[in-house]
Amino acid sequence: MKKTRTAIFISGRGSNMMALVEAAKAPDFPAEFVLVVSNDPNAAGLAWAAAQGIKTFALDHKPFGKDRESHERQIDAALRAEGVEFICLAGYLRVLTHWLVQQWEGRMINIHPALLPDFKGLHTHERALEAGVLEHGATVHWVSSGVDEGEIIAQARVPVLKDDTAEMLATRVLAEEHRLYAEAVRHVLKS
Ligand code: GRF
């Protein structure tokens, strides 16, 4: 089968990236992960990807200051040089420019650690606990210009337990994220 050449964007430890790369070992998985991109050259996940034999492209965003588009134009060039057809954002902690989103519209998805449309943005687990919700979870969605606003592809729910801390809740959600993201990639690239 022809597999879709896919890039993963990370900014940190990259546990969702690892789960995707593991899932892609199944012969019928529709994506092959050909490039891992990071805005942080020290992101822990980069070394793991390289050790798996996956190409990496790290470009620090800081020297670009407010010129986010120049930073992303260089990333975009790296994606095209590698023949990338699809992007999975997995803990990429930069808000993308309208320009990059337009380049990849319909070919870029993200995982967010909350049940969108609730708790867009950061610190979702703390905010879910403060709000007193009984259920929390994760969402995979298409990337559009509004942050965490694209069409929802799939969600996973977990209960919020009585004495949960944000860390406990994050761990429970993360385990679901790892399963959900691979499932969502299968769904999107097969349909
Ligand atoms: C995950 O919770 C993801 O949903 C969010 O950032 C976290 C990244 O974790 N966007 P990891 O780098 O995949 O381990």
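No lab work stands behind these numbers, since they all come straight from the coordinates. Just so you know, these numbers come straight off a predicted model, no measurement behind them. In this analysis, Cβ positions are derived from the backbone assuming ideal geometry, glycine residues included, and neighbour counts consider all displayed protein chains.
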(message) What number results when the radius of gyration of the range 69-163, computed over Cα atoms, is divided by 2.2 N^0.38 Å?
(response) 1.23
(message) Distance between the C-alpha centers of the range 119-163 and the range 17-92? Whole Å please.
(response) 24 Å
(request) May I ask what percent, to the nearest 5, of DSSP beta bridges between residues of the chain are antiparallel? (result) 40 percent
(message) Over the range 50-108, what portion of Cα pair distances is larger than 18 Å, expressed as a whole percent?
(response) 35 percent
(request) Return the FRET efficiency for the residue pair L93, A26: r is the Cβ-Cβ distance, R0 is 30 Å, and the value is rounded to the nearest 0.05. (result) 0.55
(request) Would you kindly state how much longer the chain becomes between D163 and L189 on full extension, computed as 0.36 nm times their sequence separation minus their alpha carbon distance, in nm to one decimal? (result) 5.4 nm
(request) List every residue whose amide H lies under 5 Å from the amide H of A31, counting only residues 5 or more places away in sequence or on a different chain, with H placed 1.01 Å from N in the peptide plane. (result) T4
(message) I need the fraction of alpha carbon pairs in the range 1-98 separated by more than 18 Å, rounded to a whole percent.
(response) 43 percent
(request) Could I have the simple spin-label model distance between Q102 and R5, label points 7 Å from Cα toward Cβ, reported in nm to one decimal? (result) 2.4 nm
(request) Determine the relative contact order of the chain: mean sequence separation of Cα pairs under 8 Å and six or more apart, normalised by residue count, in whole percent. (result) 21 percent
(message) How large is the translational diffusion coefficient of the chain in µm² per second when you combine the Kirkwood radius over alpha carbon pairs with Stokes-Einstein at 10 °C and 1.306 mPa s?
(response) 94 µm²/s
(request) Report, ordered by chain and residue number, the lysines lying within cross-link reach of K55, taken as a straight Cα distance under 24 Å and ignoring same-chain residues fewer than 8 apart. (result) K2, K3, K25
